[in-house]
Structures are given as structure tokens and as C-alpha cells.
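The values are calculated or read from the model by the stated rules, or taken from the named source; none is laboratory data. This is a predicted model, so every value here is computed, not measured. No Cβ is skipped: glycine too gets one built from the backbone with ideal geometry, and neighbour counts run over all protein chains shown.
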Amino acid sequence: DTGVSQNPRHKITKRGQNVTFRCDPISEHNRLYWYRQTLGQGPEFLTYFQNEAQLEKSRLLSDRFSAERPKGSFSTLEIQRTEQGDSAMYLCASSLDGGNTEAFFGQGTRLTVV
Amino acid sequence: AQSVTQLDSQVPVFEEAPVELRCNYSSSVSVYLFWYVQYPNQGLQLLLKYLSGSTLVKGINGFEAEFNKSQTSFHLRKPSVHISDTAEYFCAVSDHLGDKLIFGTGTRLQVFP
């Protein structure tokens, strides 16, 4: 197992376009998290899944954002009608059972909206 | 609501000198505390965590942190830094009811030869 994998690593898109990112967690991990990190800031929580169920969404997750985790394995994060303010690093993490066990992070997808 | 404050946005230090990166938190419930390191163009790597028990926690790469409940602090220390420790360091907190992490704004540690 090579850890949490995120694709693509970098994405440049024009304002108004839709983008989709993928996260493959560590195989036995049942919890999956999405965070957003802007320049000079710490990661901010967006949403998380327990298996295929999306259990919590931050108010940062506007209606242009949607996340899915079909079959409780990989997850996708889609941003519709991208805006320049969406430019950030999008981080995915996974953990086993929650309960404050260690979360393992992927290397992130850096989105640039021009 | 939980929050984390990292007062120092940048900490410059010479190689082999000791370093302390400060972290203060606020929470209305019991907390679990973490330090993560982020190297350029990399994801976050866990350095150490405090869940319960001994307030002095030892982590990887020679780092340690001390949980101080009365001062609501969880400062990170290393007695002698290396050039390779140059990175961004994030303190984070979570409560025992959920797993999402609340991060501070980070401290950039820059080690000079």
C-alpha cells in the first residue's frame, strides 16, 4: 500500500469550468476527509465520509461543491462553475475507525483558476 | 468552538540550535492534539500526537511536545535542528466526539547553516 493517493497533482482551469478531483484512501481505512488549504493558511475541513455515508459538511462547502464516495472506496470532489477564489490545495486524508486515530494525508491537488 | 493559535508565522534558526514552536488551543471539551509537518509540495505528515496519559509526547525526527492543560498549550520542541527540518509545521486539535482536525495557520521553520 502506497498511502493516500490524489489525482491530479495539479489542475489549471478557466473560471466557470467544472473540475473533479479523485482521492484513493488507504485500502482498509473507512473514514475519508477533504480539506482545503490556501496560501499561508492551515488546512480547513470541508467534509468527511464514514464508508459511503457523508456525515458532515462544512459551511465552506458551497452548493458548487459536491463530494461522493461510492461503495466506500475512492472519493471524488467536484467543483462546478469554478471561481478564482477556489484556487487552493485540496487535501484528502483517511483514517481507520475515526476516534482520533492518526489521519494519513495525500499529497494534495493544487487547483489554479485563471 | 475549537480553535488553534500558532503565534509565530516564521521561526528562523541556525542549524544545531534548539527550537520551540508555540501552539495554544481553545476548546470546551477534552481535546486531542497533533503536530503535522509539511515539506514543500508534499502532504501533511504526523510528527506526534497527544491523546491521553503522559503530558510529554515524543515524536519522529527527534521532536517532542508537552501538553499543558492549565495554559492550554502544546508547544513543539527540538533540542538541535537540522537543515532538513526546514518545513511548515501545523498544530491541530480534534475533540473526542469527531475526527475532523482544526488546524492552526502554521509556522514556517527555516534552518540556516
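Side notes on the structure shown:
- Residues that are part of a loop (DSSP other than H, G, I, E, B), touching a residue at least 24 places away in the same chain (Cβ under 8 Å) and more than 13 Å from chain A (Cβ to nearest Cβ), drawn from the range B:55-72: B:PHE63, B:GLN71, B:THR72
- Here the strands (runs of 3 or more DSSP E) wholly within the range B:73-113 that include at least 2 residues being in contact (Cβ under 8 Å) with a residue 60 or more places away in the chain, touching a strand residue (DSSP E or B) at 6+ places or on another chain (Cβ under 8 Å) and surrounded by 22 or more Cβ atoms within 10 Å (Cβ to Cβ) are B:87-95.
- From A:GLY40, A:GLY72, residue being in contact (Cβ under 8 Å) with a residue 40 or more places away in the chain and surrounded by fewer than 21 Cβ atoms within 10 Å (Cβ to Cβ): A:GLY72
- Listing of strands (runs of 3 or more DSSP E) fully contained in the range B:1-54 that carry 1 or more residues being modelled with pLDDT under 95, under 17 Å from the mean Cα position of the chain (by Cα) and away from every other protein chain (no Cβ under 12 Å): B:24-26
- For the criterion of being closer than 24 Å to A:GLN107 by Cβ and at pLDDT 95 or above, B:ARG108 passes.
- Subset of the range A:48-63 that is within 21 Å of A:ASN18 (Cα to Cα) and among the polar types (S, T, N, Q) - its residue that is modelled with the lowest pLDDT: A:SER62
- Single match in B:GLN45, B:GLN38 (criterion: within 17 Å of A:GLY42 (Cβ to Cβ) and surrounded by fewer than 20 Cβ atoms within 10 Å (Cβ to Cβ)): B:GLN45
- Conditions (1) more than 9 Å from chain A (Cβ to nearest Cβ); (2) farther than 30 Å from A:ARG9 by Cα; number of the one not met by B:ASP85: (2)
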